[in-house]
1. Can you tell me which of (1) open to solvent by 50 Å² or more (accessible area, probe 1.4 Å); (2) within 25 Å of GLU396 (Cβ to Cβ) is the one PHE500 doesn't meet?
2. Quick one: which of LEU499, LEU465, LEU460 is touching a Gly at 6+ places or on another chain (Cβ under 9 Å), within 30 Å of ALA550 (Cβ to Cβ) and at pLDDT 65 or above?
3. Does SER567 satisfy being without any contact (Cβ under 8 Å) to a residue 12 or more places away in the chain and in a helix (DSSP H, G or I)?
4. Only one of (1) crowded, with 18+ Cβ neighbours inside 10 Å; (2) within 20 Å of VAL415 (Cα to Cα); (3) not hydroxyl-bearing (Ser, Thr, Tyr) fails for ILE273. Which number is that?
5. So, in the range 332-365, of the ones that are assigned to a helix (DSSP H, G or I) and either in the same structural domain as LEU157 (by the TED database) or within 22 Å of ASN281 (Cβ to Cβ) (or both), which residue ends up nearest to the chain's Cα centre (by Cα)?
6. Among the residues of the range 535-563 satisfying the criterion of being among the β-branched types (Val, Ile, Thr) and open to solvent by 30 Å² or more (accessible area, probe 1.4 Å), which is nearest to GLY487 (Cα to Cα)?
7. Just checking, does the range 112-134 include any residue being within 20 Å of the chain's Cα centre (by Cα), on the phi < 0 side of the Ramachandran plot, outside any helix (DSSP H, G or I) and aliphatic (A, V, I, L, M)?
8. Give the range 38-61 a look and list any residue that's touching a helix residue (DSSP H, G or I) at 6+ places or on another chain (Cβ under 8 Å) and either acidic (Asp, Glu) or not assigned by the TED database to the domain that holds ARG118 (or both), or say none.
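The values are calculated or read from the model by the stated rules, or taken from the named source; none is laboratory data. All values reported here derive from a predicted model rather than from experimental measurement. Virtual Cβ from ideal backbone geometry, glycine too; neighbours counted across all protein chains shown. The accessibility values were calculated without ligands, DNA or RNA, using every heavy atom of the protein model including side chains. Shrake-Rupley method; radii C 1.70, N 1.55, O 1.52, S 1.80 Å.
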Amino acid sequence: GETIAQLTDVASLDHPESDSHITIFTDKTGVVKAARLLLSSVTKVLVLADRIVIKQIITSRNKVLATMEQLEKVSSFQEFVQIFSQFGNEMVEFAHLTGDRQNDLKDEKKKARMAASRAVLEKCTMMLLTASKTCLRHPDCESARINKDGVFHRMRLALEQVIEIVTDSRPNGENEMAPISIYSGIKEFKNKVEGLRENLYFLSKENLSTMLEVILEHTEDFTDSAYTSHEHREHILELSKQAKMELEQLVSVWMQAQNQKTKDLMEDLEVAILKTCQCMNELKREVHSAATSLAADLLKYHTDHMVLKALKITGVEGNLEAVAEYTCKLSEQKEQLVEMCRLLRHVSGTEPLEITCIHAEDTFQVTGPQIISAAETLALHPSSKIAKENLEVFCEAWESQLSDMSLLLREINDVFEGRRGEKRVYLSLPRPGKHNANLKALKPVKLDTEEQAKIAKLGLELHLLTSDVDSETEKWEDQENEIVQHGQGMSSMAYSMYLFTRGEGLLKTTQDLFHQAEIFATEGTKLASALHALSDQVHNDDKPLLLLEAEKLISMCKQLQITAKASAQGKSATFSKVDACILKTRNVMTLLCQLLPLCCKLLKKNKAGNGCLKPAPPWKEDRTGTNARTPERRVDTFGIKSLENHVTNMTFLESK
């Protein structure tokens, strides 16, 4: 850097040329060499920094594993309390490190896998607490031991998967087998078929036939399923037969066209291509309908959680026969939901949603038997408060996964219908050491049905505004522009607040909503800073309008922050605060809908003006102000807040 500065320093030139043109690059070879060395050095620094981050995560994982081993061996409550407090702090550190890493990942598939693993760790932390307590209270109970062992095993698998993603490796060097869905198979097949328009010789007919066979083999997951309706089964079989016939016709015309390229044959080939693709589209539509209708029916049927309620009641009664009867029903329900997840995976439409379906399937597979072992423990010890609490935790995990499935189903339908179906919810959670003093005072509250009904209209308006903002951001040519990035982040957070008004999504309590509102306001303030930076680059005529809008945004975000931080005591006051937060979020989103097209217009205007943009500041100046990526802008669904709550409230264990 210093070498380049010296070689390009105008002041160092003693003899300017007579025609007043100054030649700066006196040593072009030296500048090129220095530039290459600079790029090489920057690359090495980035690689080194990446290695350090990876080592930090591995070290943190190793600490967590070591403490887990201690937790497994404890024999007294006092020892357990001490070690679990340490374990909680280590999990918080691990959560923050992996959250930052998840945000840094560019591969959406890896990002989804990381999110799934971190979700497992979040839920299992609370499960580990109650399962271990139950085992300590009832050391001779086999079902309690099985329950606890299952939690430890699942946490170890999740920790291992995080390390696989971070280090981009698999155990024993084996390659990861990507799950093949019907959607991805049909997409690839259609691309190959449509490629025949450009090149008749780029693949063989055997290759195309094999691809179709693989797709039709996967449709057997639907036709062989006991939960697929007779009507859907018949339609899928009929379309599979038709697809074979259309491919035969296509291959016949294709082979003729290879030998003789006449106009008539090329027209016949075009017709055959269109018919084959149309048939595959109909097959895709049919399997989508079969999977989503089954999912909708099952989720509706199981919303009352009758089996879980019955297990809790019969467990407290100590009725072993009734518990055995309801565990059989839960096993049947688990099989239905697992099958539902498998079918949804085929029609998910994107790799991240595919991974979410696989994660949901694993969750139902594992949580079902854990609920059964927890219920059996309670039935054997009906007066045990710890055993009752343990069953509650596992039932809550099951209910939470069912709730997440409703959201997943909606996203899958959004992708199928061409709408944006991968809304990311931004939850910027507190760092260790912050807000801990207030954790005991927080009383998480959920909106009841009546309150949800009152706020539904406001929530719907917010939803419509998020769609408008998404439409505006998609019009920008530069999707990496800072204004677009902040706008997308705010839209995603507003969408999570809309889901809260419906009793869905990751914001479970009013406190979650207020925290999200604070982060939303902070994001808006960052957007205002980006607008100020843009105002320095546009025409003087346009600058006042942009600055006026930026000041409006700052004012509205400050009001929202004040409202979100204000205390509210009692049900009525809390609901009023919720209403005010969503109303002010809606107002900010309305302003955002006006700002985005204005900024886009100004950028295009200046771009078309050939140099109307003011020059960027010199490279020596500090330019980190508006481009700095803060830790708050990251996808973080790990419940660090609740985890810190467990740690700070461990004193209740000592009273046991």
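1. Going through the list (1) open to solvent by 50 Å² or more (accessible area, probe 1.4 Å); (2) within 25 Å of GLU396 (Cβ to Cβ), PHE500 breaks only (1).
2. On the way: LEU465 fails: touching a Gly at 6+ places or on another chain (Cβ under 9 Å); LEU460 fails: touching a Gly at 6+ places or on another chain (Cβ under 9 Å).
Testing whether each residue is touching a Gly at 6+ places or on another chain (Cβ under 9 Å), within 30 Å of ALA550 (Cβ to Cβ) and at pLDDT 65 or above leaves just LEU499.
3. Details: without any contact (Cβ under 8 Å) to a residue 12 or more places away in the chain: yes; in a helix (DSSP H, G or I): no.
No: the conditions fail for SER567.
4. (2)
5. Filtering the range 332-365 for residues assigned to a helix (DSSP H, G or I) gives 332-346, 351-365.
Checking the rest, the ones that are also either in the same structural domain as LEU157 (by the TED database) or within 22 Å of ASN281 (Cβ to Cβ) (or both) come to 343-346, 351, 353-354, 357.
Numbers: LEU343: 21, LEU344: 17, ARG345: 16, HIS346: 19, GLU351: 12, LEU353: 9, GLU354: 12, CYS357: 12 Å.
Per the criteria, the residue is LEU353.
6. Initially, the range 535-563 is screened for residues among the β-branched types (Val, Ile, Thr), giving 538, 554, 562-563.
Filter once more, so that each one left must be open to solvent by 30 Å² or more (accessible area, probe 1.4 Å): 554, 562.
Details: ILE554: 14, ILE562: 21 Å.
Going through the qualifying residues, I end up with ILE554.
7. no
8. First, pick out the residues of the range 38-61 that are touching a helix residue (DSSP H, G or I) at 6+ places or on another chain (Cβ under 8 Å): 38, 53-54, 56-58, 60-61.
Passing the criteria: only LEU38.
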